[in-house]
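Read through the structure below, which is laid out as structure tokens, and then see the notes.
The values are calculated or read from the model by the stated rules, or taken from the named source; none is laboratory data. This structure is a prediction, so every number in the text was calculated from the model and none was measured. Backbone-built Cβ (ideal geometry, glycine too); neighbour counts: all protein chains shown.
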Ligand SMILES: [Zn+2]
């Protein structure tokens, strides 16, 4: 069997065209003019593994290398010979395929994780900001009515207090540029739970208990600013886009389309339990802190408001009195992913910045 290719003499980078003849247990390497270069036993030859169509290297006993692109002939010769590389060729083929399959799988998994963890939030943010404000209102439509029928009761908070809070929100707390959002504060009773949440439309729901527990105006403002932060940062829309993209991805992988029906119905539950992601809560917290700084309110008030809400939840549960940490899980407003201690710490950080800017006389 004859192979044409190049020969690299020992310890030389220069190459010359050459012909390798494989005959039984002997080989002979010749130059262009059929002049013999090297010969010997094929058992001493080392064949490189086949990788696609990359030229094969055959290393001779003297360290010189013959390179040929004729992989097919090499494989045919190996298959027919008793050379120790013979049995290995097909194994290597399978093995190298598995290696590629493994690599492809690994790449897919990494891509999926990267896409879900970073790409998806980024993409859903980009999409949410490109959607008109009307889309946020459409998303919230019917949500308050749905909540009213299952979880909320009419407020018993004095009308004057409601009116005062509404006016304060309109005159002081609203962002300078409302971007077309209509911010409306709604008062409701939610059992005896101190809670507040915002719909993507700008409707902010405050429970009676929250107004009773958080009486200090600066603390109450901090809660409202946090909720406005959810609206400004379009968290409702981003959450829906993210979860629907995940659902769509799962449907594409698993082929179960019934999962699609569920996500649209999930928003009221998400809002009611304030189960935004850790990142969204932190983003809303930071928004509140920045606005508080601008409004000359010490951000530490937010941490105190959280403490009051926690203490109130603990008070209502005889079981959890013994275990404040566990009790916190009862209160969804606080148990949304960043633990309230962490959030209070961030409020302190901002407070220190605030104090530095406003030294006490
Ligand atoms: Zn929140």
Considering only strands (runs of 3 or more DSSP E) wholly within the range 172-244, the ones with at least 3 residues that are within 18 Å of residue 286 (Cα to Cα) are 196-198
When restricted to 41, 9, the only residue at pLDDT below 90 and either under 12 Å from residue 60 (Cβ atoms) or under 54 Å from the mean Cα position of the chain (by Cα) (or both) is 9
Residues of the range 101-121 being closer than 30 Å to residue 230 by Cβ and surrounded by 11 or more Cβ atoms within 10 Å (Cβ to Cβ), in sequence order, are 112, 113, 114, 115, 116, 119, 120, 121
Among (1) closer than 21 Å to residue 71 by Cβ; (2) in a strand (DSSP E or B), residue 54 falls short only on (2)
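Condition check ((1) in contact (Cβ under 8 Å) with a residue 12 or more places away in the chain; (2) surrounded by 16 or more Cβ atoms within 10 Å (Cβ to Cβ); (3) over 25 Å from the mean Cα position of the chain (by Cα)) across all residues:
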| site | (1), (2), (3) |
| --- | --- |
| 123 | yes, no, no |
| 149 | no, no, yes |
| 155 | yes, yes, yes |
| 162 | yes, yes, yes |
The condition from (1) buried (at least 17 other Cβ atoms within 10 Å of the Cβ); (2) modelled with pLDDT under 60 that residue 318 misses is numbered (1)
Conditions (1) surrounded by fewer than 15 Cβ atoms within 10 Å (Cβ to Cβ); (2) out of contact with any helix residue (DSSP H, G or I) (no Cβ under 8 Å at 6 or more places or on another chain) -> residue 24 fails only (2)
